[in-house]
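Participant: One structure follows; several queries about it will come next.
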Amino acid sequence: MKEAALYIRVRGDYQLQEAIDKQIFICQKFAKENGLTVVKTYIEKEELGKTTKRITLAQLMEDSKTAKWEAVITSSSDRMTRNIKQLFEYIEYLRSNGKRLLIANSY
């Protein structure tokens, strides 16, 4: 079975765990429906009103160079970024490392 990592991003403190759980559920359901086994979960917690460096996303990208997982699943494209150009840069970077980005809510 193919392996995948999840990327979960939440902002703020209100119902933080609920938001994390919802994204994980969506991504795990997508993985199961597509024959993927989730082997790692990256969770990015951002504070509202503050610019963050997206340390967890940077780690995921770095890990993509050597990780055995074949894909990154996120619940929607805006969890990666709201900037379409940057999204394509992430997709291309992952692709250059032999990985794919899968968006669970894209159907």
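All of the numbers you see were taken from the coordinates with simple rules; none came from a lab. The structure presented is a predicted model; accordingly, all values stated were derived computationally and were not measured.
Participant: So what is the 222 nm mean residue ellipticity for the chain from helices alone, if each DSSP H run of at least 4 adds -39500 (n - 2.57) and you divide by all residues, rounding to the nearest 500 deg cm²/dmol?
Facilitator: Counting only the DSSP helices, I get -12500 deg cm²/dmol.
Participant: How high is the relative contact order of the chain? Use alpha-carbon pairs under 8 Å, at least six apart in sequence, and give a whole percent.
Facilitator: 35
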